[in-house]
Amino acid sequence: MKCKVCFRNCDLDEGQIGFCKGRINENGLIKARNYGKISSAALDPIEKKPLVDFYPGSMILSVGSYGCSLRCPFCQNHEISQVDLDASCEEVTPHQLASKAQELVEYGNIGVAFTYNEPMVGYEFIRDTAKLVHEKGLKTVVVTSGHASVETLEEILPYVDAFNIDLKGFTPESYQYVGGDLEMTKSFIKRAAQDAHVEVTTLVVPGKNDSIEEMEAMASWLATISPGIVLHLSRYFPRYHESMPPTPLETLKTLQQTAQKHLHRVVLGNV
Ligand code: SF4
């Protein structure tokens, strides 16, 4: 059976686990094996997602599971995204998580953010939890690389208020570097922005996705969706398998000026 969630379309025999480690063929059905399995949770400022134009100054209960469909050499969360943590996660139900979010309202919480690993590999848990979060009058946020089919996105879109979506570059080579698919990401951003608040993040890696031409192409494409989309340009630091020096600040500022020709708001991060 083929998993239809992301571009990899893993062909899974009975009991086999997908490339992302988050999905499995169980009894002839491909499903999230990380459903309700929480590896990390924190009450974070919304700006940390990063979202700067969605309930600024508020807090959000942020949860992560395990698994990811990409292999970014610089992953900052590789301890949970690239490792099978099935046995060590805490298990919660959608009801428990939605109730926890409500309990935290007195601390400034506005809802639940699905983040840290790639949440879309376990989209069923987002869908089931986000419905309940909405019933309580709270908000849901998804922080994702946008590597999921539009059909999968449609499953959660009615219950998601805001996304931060990674755009890891704007050339096939930039996406080859992280083991991803540019076209799938573009379709995801386009559809999500029709119904939800969307901000986009690009981690600028020296020599990989830092040319002015690439930024020009990326920002002008984003502007065709809306010039009001906030673009976060984030500074790379050596992590995981990538050891080259951090992105020079000058590079970030030059790319910010390039993007600002097309977009109203371009924010530098990790600086
Ligand atoms: S979501 Fe996981 S199992 Fe499904 S196609 Fe992508 S990598 Fe494979």
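Every read-out reported here was derived from the displayed coordinates using simple, explicitly stated rules and does not represent laboratory data. Just so we're clear, the structure is a prediction, and the values are computed from it rather than from any experiment. Here the Cβ positions follow ideal geometry from the backbone for every residue, glycine too, while neighbour counts run over all protein chains shown.
Things worth noting here:
- Single match in Val142, Val83 (criterion: within 16 Å of the ligand (Cβ to nearest atom), surrounded by fewer than 18 Cβ atoms within 10 Å (Cβ to Cβ) and β-branched (Val, Ile, Thr)): Val83
- Those strands (runs of 3 or more DSSP E) lying entirely in the stretch 172-271 with at least 3 residues touching a residue at least 40 places away in the same chain (Cβ under 8 Å) and in contact with a Pro (Cβ under 6 Å, 6 or more places away or on another chain): none
- Selected residue (criterion: nearest to the ligand (Cβ to nearest atom)) from residues of the stretch 18-34 that are part of a strand (DSSP E or B) and in contact (Cβ under 8 Å) with a residue 60 or more places away in the chain: Arg23
- From the list Ser88, Ser65, Ser40, Ser69, the lone residue that is exposed (fewer than 15 other Cβ atoms within 10 Å of the Cβ) and either touching a residue at least 60 places away in the same chain (Cβ under 8 Å) or not aliphatic (A, V, I, L, M) (or both) is Ser88.
- Whichever residue in the stretch 191-226 is surrounded by fewer than 16 Cβ atoms within 10 Å (Cβ to Cβ) and not hydrophobic (A, V, I, L, M, F, W, C) and, among such residues, is farthest from the chain's Cα centre (by Cα): Glu213
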